[in-house]
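Read the figures in this text as sums done on the coordinates, not as results from a lab. Here the structure is a predicted model, which is why all the values come from computation and not from measurement. So basically every Cβ, Gly included, is an ideal-geometry build from the backbone, and we count neighbours across all protein chains shown.
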Amino acid sequence: MKKVTMADVAKLANVSKSTVSQYLNKRYEYMSEETRKRIAQAIEELGYHPNVIARSLKQKTTATIGVIVFNMLHMLTTQVLHAIEEECQKRGFHVIICNSDDDAEKEKKYIDMLLAKQVDGLIVFPTGKNEDVYRHLVAERFPLVFVDRMVPGIEVDSVLLDNFRAAEMAVDYLASHGYNHIAIVTPPLVAYNVPRMERFEGFRAAMEKRGFDVGENNIIAVNSAVLSEGNYSAVT
C-alpha cells in the first residue's frame, strides 16, 4: 500500500503543502475555517499520520516533557502528575514519567535517558543529591522546573508548598482542640530534603510558641516505606 504523504493531503484538500504544514503545527492565524475543515477531512479520509520524527528534527522540538518524581505512590505526586499531563495534553505535548524512588543514581540515569530522547524540558521532584547535574542543566539554559523541593545553591524555577506554615497550622489545630502532647511523624530528617526540614521547623516553632515540650518523644522518625504503606501501627 502506498504511503500517504502531506502532498496527497494537500491535493485532496486543494491547498498547498505549506498550508497543510501550518495546519499540522496549529498555526491557524491566516487560515479560514473552511480550509481547516477541508484539511481535517482529507487527513481523516486518507488516514494520514504525520512523521513525528521528521517534524521534530525540522522544528528542533519533540513536543515532549520529561517528569521525574520521587515516589509514584505519594498522593501529592499523583495529583501533580494528573495536572501536568492534563495541561501538556491541552498544549499538544507528550509526557514521559519516571520514578526515582528518591534514589540519586536512578534520578541521574533518568535525566540522561530523557536528554538522550531530546525532551524539550524537565519537571523534577529532585532528590537533592545531584547538584552537579542540576548546575549543568542550568548552565546550558535547559528548561528545568523543580516541584515540592528546592536544592540549596541551585537557582531554578520551583513550584513549592509552604511546608513551614502547614506544620504550624497542624499544631495550631490540635492545640485548639485541647491537645498539648503533640508529636510529628516524619521520614528521617536530612539536610538535603528541604521540605522535610521545613515541616519540622514549622512544627518546632509552633510548639515552642505555645510553650509545649519538644524532645525525643515528640519527634518520631520512620522509614519512608512505612508511611507510604500506611503502616502507622509501626510507629505506635
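What to note about this one:
- Taking a ≥ b ≥ c as the square roots of the Cα gyration tensor eigenvalues, the range 87-213 comes out prolate, since a/c reaches at least 1.5 and a/b is larger than b/c.
- Mean residue ellipticity (222 nm) of the chain, computed from DSSP H runs ≥ 4 via -39,500 (n - 2.57), nearest 500: -14500 deg cm²/dmol
- Quotient of Cα Rg and 2.2 N^0.38 Å for the range 113-181, N being how many residues it contains: 1.61
- Here each label is just a point 7 Å from Cα along the line to Cβ, and for LEU161 and LEU73 those points are 1.8 nm apart.
- Structure-derived P(r) over Cα pairs in 10 Å bins from 0, in percent: which label, when the choices are [x] 7, 23, 19, 14, 12, 9, 6, 4, 3, 2, 1, 0; [y] 7, 26, 31, 22, 10, 3, 1, 0; [z] 6, 23, 24, 18, 14, 8, 6, 2, 0: [z]
- Applying 0.36 nm per residue to the separation of HIS94 and ALA221 and subtracting their alpha-carbon distance, the gain on full extension is 41.9 nm.
- Gyration tensor over alpha-carbon atoms, the range 61-159, equivalent ellipsoid semi-axes in Å: 19, 16, 13
- Note, ³J(HN,Hα) from phi for the range 67-79, Karplus 6.51, -1.76, 1.60, rounded to Hz, x at Gly and Pro: 10, 10, 10, 9, 7, 5, 8, 5, 4, 4, 4, 4, 5
- Each of VAL138 and THR5 was given a label point 7 Å from its Cα along the Cα-to-Cβ line. The distance between the two points is 4.9 nm.
- Residues whose amide H lies under 5 Å from that of THR64, counting only those 5 or more places away or on a different chain, are HIS94, ASP120; hydrogens are built 1.01 Å from N in the peptide plane.
- Student exercise, the chain dipole from Lys, Arg, Asp, Glu Cβ charges, in Debye to nearest 20: 1380
- Annotation for the range 58-112: trypsin sites (Lys or Arg not before Pro) lying in DSSP loop with at most 12 further Cβ atoms inside 10 Å of their Cβ are LYS60, ARG91.
- Choice from LEU12, LEU76, LEU115 showing the highest fluctuation, given a GNM over the chain with Cα pairs closer than 10 Å: LEU12
- Arranged from fewest to most other beta-carbon atoms within 10 Å of their beta carbon, SER100, SER32, SER16 become SER32, SER16, SER100.
- Ranked list, fewest to most other Cβ atoms within 10 Å of each Cβ, for HIS74, HIS136, HIS177: HIS177, HIS136, HIS74
- Phi angles across the range 195-200 convert, under the Karplus curve 6.51 cos²θ - 1.76 cosθ + 1.60 with θ = phi - 60°, into 3J(HN,Hα) values of x, 4, 5, 5, 4, 5 Hz, Gly and Pro given as x.
- Built amide H within the under 5 Å cut-off of LEU161, gap 5+: ASP148
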